[in-house]
1. Looking only at the stretch 18-49, count how many residues are away from the ligand (no atom under 11 Å from the Cβ), farther than 19 Å from residue 5 by Cα and touching a strand residue (DSSP E or B) at 6+ places or on another chain (Cβ under 7 Å).
2. Which of (1) over 13 Å from the mean Cα position of the chain (by Cα); (2) touching a residue at least 24 places away in the same chain (Cβ under 8 Å) does residue 188 not meet, given it meets every other one?
3. Working only within the stretch 260-278, note down all residues that are in contact (Cβ under 8 Å) with a residue 60 or more places away in the chain and crowded, with 21+ Cβ neighbours inside 10 Å.
4. Kindly provide the set of residues from the stretch 138-156 that are under 13 Å from residue 101 (Cα atoms) and away from the ligand (no atom under 16 Å from the Cβ), ordered by number.
5. So how many residues does the stretch 282-305 have that are at pLDDT 95 or above, assigned to a loop (DSSP other than H, G, I, E, B) and surrounded by fewer than 14 Cβ atoms within 10 Å (Cβ to Cβ)?
6. Among the candidates 279, 251, single out the residue that is part of a helix (DSSP H, G or I) and within 15 Å of the ligand (Cβ to nearest atom).
7. Every residue in the stretch 97-120 that is within 22 Å of residue 263 (Cβ to Cβ) and crowded, with 21+ Cβ neighbours inside 10 Å, please.
8. Hey, can you tell me all the residues within the stretch 20-44 that are at pLDDT 95 or above, surrounded by 17 or more Cβ atoms within 10 Å (Cβ to Cβ) and either in a loop (DSSP other than H, G, I, E, B) or out of contact with any helix residue (DSSP H, G or I) (no Cβ under 6 Å at 6 or more places or on another chain) (or both)?
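The values are calculated or read from the model by the stated rules, or taken from the named source; none is laboratory data. Note that this is a predicted model, so its numbers are computed, not measured. Cβ atoms come from the backbone with ideal geometry, glycine included; neighbour counts cover every protein chain shown.
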Ligand SMILES: Cc1cc2nc3c(=O)[nH]c(=O)nc-3n(C[C@H](O)[C@H](O)[C@H](O)COP(=O)(O)O)c2cc1C
């Protein structure tokens, strides 16, 4: 079965499985475990104009159904990325999504401008949803006007396909998605982590150095699915879904909820080869569910498409 996905501005993925930003480094970290060329794409760790030191340790705390992280978007800046990391990624036969971050609208603009001059970047993912920095980041993702300003500034600088990563830490993620669509976004990626915390009982203090952190992993999947389902019914642009995906059937759920492609994050820490396994299993799983092609799965659980699902149930009976 052909798993290829065509996205706006000529972005073609060989399959819908993309490594989620911040969980796959810049690629080489996983090279001895994963055949990168099997993946649809890699979204790299968030990039800022200058190096960011990140938050104090501890930065990761395990929870029963996921992890809390307060990395604080530590990265060595877009310039070092272009010199040091991009050459490896250029040689990798997969799509490279550069995740960008800023404290101000102008910082997002600067990173977009710098990356647009470099060959080997296939798309930008604008992170307006990181819960781990004090200014910028998630605050842009909670206000439709500010979110639109960031997107408009990035659009001004680039002809690359741009997806905007929205936050679950807002009452109205759909409004944010609509605002960035109007400002020129080509795709929505959803969702980033949810703000949470843990207490280190032994030391009687918050477990994370940053006090609060972002929750990811299987615990957040129902929330992610709900947001993808709502956003996919509202915007006309494709949605890239993520949040707690750990199996091929999870991917199918996101596709049915309206995601054109997905990103896989936290599970990679536990099972580095899981994305490869999902790519291998996907055709058979889709076929067993009664679909002829990947496209037919996308949105098949959305309202108005219920005939398709009842037909499937009928086939199973
Ligand atoms: C350790 C860690 C670092 C992350 N760093 C970034 C980042 O730099 N930029 C970003 O947009 N998302 C970042 N994320 C969020 C993930 O890309 C993803 O949206 C989230 O973890 C939900 O997917 P998952 O449950 O499959 O991990 C990070 C997540 C984790 C766990």
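1. Final tally of qualifying residues: 1.
2. Evaluating residue 188 over (1) over 13 Å from the mean Cα position of the chain (by Cα); (2) touching a residue at least 24 places away in the same chain (Cβ under 8 Å) leaves (1) as the failure.
3. As a first pass, look at the stretch 260-278 and keep what is in contact (Cβ under 8 Å) with a residue 60 or more places away in the chain: 260-266, 268-269, 272-273, 275-276, 278.
Hits for the stretch 260-278 are 260, 261, 262, 263, 264, 265, 266, 275, 278.
4. Within the stretch 138-156, the subset under 13 Å from residue 101 (Cα atoms) is 138-141, 147, 150-151, 153-154.
Correct list: 153 only.
5. So the first thing to find is which residues in the stretch 282-305 are at pLDDT 95 or above, and the list is 282-303.
Then drop every residue that is not assigned to a loop (DSSP other than H, G, I, E, B), which leaves 289-293, 298-303.
With surrounded by fewer than 14 Cβ atoms within 10 Å (Cβ to Cβ) added as a condition, the list becomes 292-293, 303.
Number satisfying all stated conditions: 3.
6. Selected residue: 251, the only one of 279, 251 that is part of a helix (DSSP H, G or I) and within 15 Å of the ligand (Cβ to nearest atom).
7. 97, 98, 99, 100, 101, 102, 108, 111, 112, 115
8. Of everything in the stretch 20-44, those that are at pLDDT 95 or above, surrounded by 17 or more Cβ atoms within 10 Å (Cβ to Cβ) and either in a loop (DSSP other than H, G, I, E, B) or out of contact with any helix residue (DSSP H, G or I) (no Cβ under 6 Å at 6 or more places or on another chain) (or both) turn out to be 20, 21, 22, 23, 24, 39, 40, 41, 42, 43, 44.
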